[in-house]
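**Q** Once you've had a glance at the structure underneath, I'll fire off some questions.
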Amino acid sequence: MQLELWTAVIALAGLAFAGWLAYQLKKQKVTDEKAKEISGYIHEGAMAFLNKEYKILGTFVVIVALILWFTPGLKGETAICFIAGAVFSILAGNIGMRIATTANVKTAEGAKESLSKGLGIAFSSGSVMGLTVVGLGLLGVSLAYYIFRDPNVIYGFGFGASSVALFARVGGGIYTKAADVGADLVGKVEAGIPEDDPRNPATIADNVGDNVGDVAGMGADLFESYVDSLIAAMAFGVLTVATFGPKAVVLPLMLAAAGIIAAILGNFIVKLSKNSQPQTVLNRGIFSAAILMAIGAYPVIFYTIGKTEVYWSLLTGLISGIAIGLITEYYTSDKNKPAQGVAKAAESGPGTNIIAGLALGMISTVVPVLVVCLAIFLSFKFAGLYGIAIAAVGMLSTLGITLATDTYGPVADNAAGIAEMAGMGGEARKRAEELDAVGNTTAAIGKGFAIGSAALTALALLVSFGQAVKLDMVNLMNSNVLIGLFIGGLLPCIFSALSMKAVGEAAGDMVKEVRRQFKEIPGIMEGTGKPDYKRCIEISTGAALKKMIAPGLITVAAPVVVGLILGAEALAGLLAGALVTGFLLAVIMANAGGAWDNAKKYIEAGNLGGKGSATHKAAVVGDTVGDPFKDTSGPSLNILIKLLSIVSLIIAPLLIL
C-alpha cells in the first residue's frame, strides 16, 4: 500500500480515538438543572452563530470555487481541493464547538467532586478538538495527494482551509471580545458586580464568545497552519527528489502521522497523572508527546528517505515551538515579574497600566524573533529550503495535544462561569477557577505555538512562491519590489485596525444594551428580574458577521491586485513585508493582551488592593484593551500572513504566462 494511504489510516485512527473520547464525555451525567439550563443557552448561542457564519462562508466558497474553475491558466482540480479544504475546516470547528459547549457544564459538575475530575473532563474535550483537527488535516492532504499526485494542486486545499480560518478567527474574535469588553466595563467597573454574575445580561454572550473565538476560531486557525505546513513541505519535497529521493514528497505526511501517535500517547499520560497540579499535568502531556515525537521521528525519516539530515531540521522546529511557547508563558503568567509589573503599574491608573502592557508586548518580541531566526539558520544548514519546511512540520507535529491544552482553556472558563451563575457552591467555583487560571496559561502557550508556526510556514510558502514563478532572487533596488514591500507591511496594520475598530464599535453597542437593561428591567440587581441574554447574543452575532467580511476580502484581493498589476517580484516583496510586520504585531498583541489579562487576575487574587479597588478597576480597563489584542487581531494575523502566500501560490500560473 502506498505511504499516503498508510498516513490516511493513521489519521482515521486519530479520528476514531477522538470519537471514543467524545463518547466517554457523553456518558458523563449532570444533576444540576440550573447549570444545564445555562449551558443550554451557551450551546444554542454558539451553534446559532456558527450556522449563520457558515451561510456566509458557503456563499464565499462557492463564488471562489467558480472563479478558480473558470479562470484560464488555473487547474480545475485546484477548485475541488479548495472546496474540500473549506469543508474539512468547517467540520473540524463544528465538531470542536459541539463538544466544548456540552463539556463545560460537565467540567463544572466534575469540579464539585474533585479538581482531578474537572481537569480530566475539560482536557478530554480539548483532545477531541485537537485530534479532530490533525486527523481531518492529515486525512484530507493524504487523500488529495493520492488522487491528484501534485502538491501544487493541493495548495487549493490549504486555500480553502485558510479562507475559513480567517473568517472564523476574525468573526469569532469580534464576537467574543465585544461581549467580554461590554460585560467588563458595565458589570465590573460601573456596577461593581463579579465576573460571570448572572445579573449581567452580557455574561451568556461572553461565554458563547469563548467558544466561537477560542474553540472554533483557534481550531480553524491551527487546522490551516497544519495543512499549509504539510503542503509546503511536500512541494519542496518535489524539488529535492535528486537529493532526498522520491519519498521526500510524502515524508511530511509520515511525520504528521507519527505526531498523531505521539499526541495520543501524551493524552494517556495526562489521563494517568493523578494528584498533581493541573499545570504540571498538562505540561507533562505536552513535553512527553514532544519527546516521543523526537524519538519516533528518527526511524520514520530513516525508513522513508534513508538519510538523517532532515531529522535535525525537524528537531529544530519541535524545540523552537516549545521555546516560543515557554517564552510566551513567561511574559504573560501572573506568577512572573513581567505581568506583575503591569499589575503594579495599575496602581497609578489605567494609563500607566496600558503603557506598561504595550512596552511588555514590544520587548517580548526579542526572544521569539531570535528563536525563529535560529530555527531558519539551523534547519537550512541541515537540509536547505526543504529543512525549513520540515522545521515548520516539526513545530506543529504534536498539535493533537498542544491544541487540546489550548481548547481546554475556554471549556474551563465556561465551567467557572456556569458554577458561578448556577450557584453550584464555593468549592466547585474555587476548583473551576483554578482550572480556568491554568487555562489562561495554556492559551498563552498555544498562541506562542500558533505564532511561531505561522512565521515558519509563511516563510516556506514565500519561498515556494518564488520557486513557482521562477524567481531566483528578489531585487530590492527594483521600485516595484519596494512598493510591494511597503504594501505588505501596511496590510497587517489595516487588518488589525479593522478588527480592533469592529470590537470597539460592537462593545459600545453592548455597553449601551447592558446599561439599558439595568435601568429598564426591574429587579435585575436584586436578583429577582431576569436579564435579556438573547439580545446581547444578537448584538455580538450581528457585529461579528457584518464586520468580518472587509478584512477577509482585503486579504484575498491584495495579492491578486499587486501580482497582476506590478508583477511576481513585487508580490514577493508584499509577502516579505507582511510576514515581518505581521509576525511582530502578532507577538506584541498576544503577549501584551495576555499580560493585561493576567495582571487583572493577579489583583483579583487579593494582591495590590484586590477586587473592587481603584487598582483593580484600572487593570480592568487595561484588560479591555488587551481583549481584542490577544483574541481578535493578534491571532488573526497568523492567518493573514499565510493566506496571502497561499493566494499568491494559487495565482502563480497567471504571473508566468
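Just so it is clear, none of the values below were taken in a lab; they were calculated from the coordinates. Note that the structure is predicted; figures quoted are calculated from it, not measured. Please note: Cβ atoms are built from the backbone with ideal geometry, for glycine as well, and neighbour counts cover all protein chains shown.
**Q** Report the gain in length on full extension from residue 362 to residue 470: 0.36 nm times residue separation, minus Cα-Cα distance, nm rounded to one decimal.
**A** Full-extension gain reported as 35.2 nm.
**Q** Something else: Taking the convex hull of the Cα atoms, report for the stretch 82-148 its projected area averaged over all directions, in nm².
**A** 4.5
**Q** In addition: Within 10 Å, count the other beta carbons around each residue, average over each peptide in 115-123, 584-592, and list them highest first.
**A** Highest to lowest by the protection proxy: 584-592, 115-123.
**Q** Would you please put 561-567, 56-62, 486-492 in order of how densely packed they are, using the mean number of other Cβ atoms within 10 angstrom per residue and starting with the highest?
**A** In decreasing order of mean packing, 561-567, 56-62, 486-492 become 486-492, 561-567, 56-62.
**Q** Quick one: Karplus J couplings for the stretch 70-82, per residue in order, coefficients 6.51, -1.76, 1.60, θ = phi - 60°, nearest Hz, x for Gly and Pro?
**A** 9, 6, x, x, 9, 8, x, 4, 4, 5, 4, 5, 4
**Q** Quick check: Cα centre of the stretch 110-161 to Cα centre of the stretch 309-358, how many Å?
**A** Cα centres, the stretch 110-161 to the stretch 309-358: 27 Å.
**Q** Give me the log10 of I(q) over I(0) for the stretch 136-190 at q = 0.23, 0.24 Å⁻¹, as the Debye formula computes it from C-alpha points; what are the numbers?
**A** -0.85, -0.88
**Q** How much mean residue ellipticity at 222 nm does the chain get from its helices, if each DSSP H run of length 4 or more adds -39500 (n - 2.57) and you divide by all residues, to the nearest 500 deg cm²/dmol?
**A** -29000 deg cm²/dmol
**Q** While we're looking at this one, here's another question. Across the stretch 369-385, in residue order, what do the Karplus-derived ³J(HN,Hα) couplings come to in whole Hz, using 6.51 cos²θ - 1.76 cosθ + 1.60 with θ = phi - 60° and x for Gly and Pro?
**A** 5, 5, 5, 5, 4, 5, 4, 5, 4, 5, 5, 5, 5, 6, 9, x, 4
**Q** Ok, one more. Taking the highest mean first, how do the peptides 235-244, 625-634 order by number of other beta carbon atoms within 10 angstrom per residue?
**A** 625-634, 235-244
**Q** What are the extents of the Cα atoms of the stretch 383-538 along their three principal axes, listed from largest to smallest and rounded to whole Å?
**A** For the stretch 383-538, the Cα spread along each principal axis is 71, 35, 18 Å.
**Q** Based on the alpha-carbon gyration tensor of the stretch 285-332, what equivalent-ellipsoid semi-axes (square roots of 5 times the eigenvalues) come out, in whole Å, largest first?
**A** One finds semi-axes of 26, 12, 4 Å for the stretch 285-332.
**Q** What are the aspartates and glutamates whose alpha-carbon lies under 16 Å from the alpha-carbon of residue 337, with same-chain residues fewer than 8 places away excluded?
**A** 329, 347, 597
**Q** Evaluate the distance, in nm, between pseudo-label points positioned 7 Å from the Cα of residue 486 and of residue 52 along their respective Cα→Cβ axes.
**A** 4.1
**Q** With 25 Å as the limit, write out which pairs from 188/534; 36/530; 430/601; 534/600; 430/617; 29/335 have Cα-Cα distances beyond it, or answer none.
**A** 534/600; 29/335
**Q** What whole number of Å gives the distance from the Cα centroid of the stretch 510-585 to the Cα centroid of the stretch 60-97?
**A** If you average the Cα positions of each part, the centres end up 23 Å apart.
**Q** While we're on this one: Return the Rg/Rh value of the stretch 535-657, two decimal places, where both radii are evaluated on C-alpha atoms and Rh is the Kirkwood radius.
**A** Radius of gyration relative to Kirkwood radius: 1.17.
**Q** For residue 280 and residue 336, what is the calculated FRET efficiency with R₀ set at 22 Å and r taken between the beta-carbons, to the nearest 0.05?
**A** It comes to 0.85.
**Q** Write down, largest first, the equivalent ellipsoid semi-axes of the stretch 1-66 in whole Å, where each equals the square root of 5 times an eigenvalue of the alpha-carbon gyration tensor.
**A** 32, 27, 4
**Q** Continuing with the same structure: If you stretched the chain out fully between residue 348 and residue 66, how much longer would it get, using 0.36 nm times the residue separation minus the C-alpha to C-alpha distance?
**A** Taking residue 348 through residue 66 to full extension adds about 95.8 nm, to one decimal.
**Q** Further question: Using +1 on the beta carbon of Lys and Arg, -1 on that of Asp and Glu, and nothing else charged, what's the dipole of the chain about the Cα centre, debye to 20?
**A** Magnitude of the dipole: close to 540 debye.
**Q** Which one, 14, 633, 118, projects farthest toward the positive side of the charge dipole computed for the chain from Cβ point charges (K/R +1, D/E -1)?
**A** Final value for the positive-end residue is 14.
**Q** Moving on. Tell me the label-point distance for the pair residue 525, residue 370, using the 7 Å Cα-to-Cβ offset, in nm and rounded to one decimal.
**A** According to this spin-label approximation, the distance is 5.3 nm.
**Q** If you average the alpha carbon positions of the stretch 239-269 and of the stretch 472-488, how far apart do those two centres end up, in angstrom?
**A** With the stretch 239-269 and the stretch 472-488 each reduced to a Cα centre, they are spaced 35 Å.
**Q** Can you check what the Kirkwood hydrodynamic radius comes to for the chain, Cα pairs only, in Å to one decimal?
**A** 24.3
**Q** Multiplying the sequence separation of residue 497 and residue 380 by 0.36 nm and subtracting their Cα-Cα distance, what value in nm do you get?
**A** Going from the current span to full extension adds 38.6 nm.
**Q** Could you go through the stretch 262-267 in sequence order and give the Karplus-derived ³J(HN,Hα) for each residue, using 6.51 cos²θ - 1.76 cosθ + 1.60 with θ = phi - 60°, rounded to whole Hz, and x for Gly and Pro?
**A** 4, 5, 5, 5, x, 4
**Q** Please give, to one decimal in nm, the separation of the simple spin-label points placed at residue 564 and residue 532, each 7 Å out from Cα toward the Cβ.
**A** 4.6
**Q** Taking every pair of Cα atoms in the stretch 252-400, average 1/r, invert it to obtain the Kirkwood radius, and report Rg/Rh to two decimals.
**A** My calculation of the ratio gives 1.09.
**Q** Here are some pairs, 381/470; 52/106; 117/630; 112/177; 512/546; 177/501; which of them have Cα atoms lying more than 21 Å apart in this structure?
**A** Too far apart for the 21 Å limit: 381/470; 52/106; 117/630; 112/177.
**Q** Now for a different question. For Cα pairs less than 8 Å apart in space and 6+ apart in sequence, what is the mean separation divided by the residue count of the chain, i.e. the relative contact order in percent?
**A** Relative contact order here is 22 percent.
**Q** If you project the alpha carbons of the stretch 165-242 onto the principal axes, what extent comes out on each, in Å, largest first?
**A** 69, 17, 16
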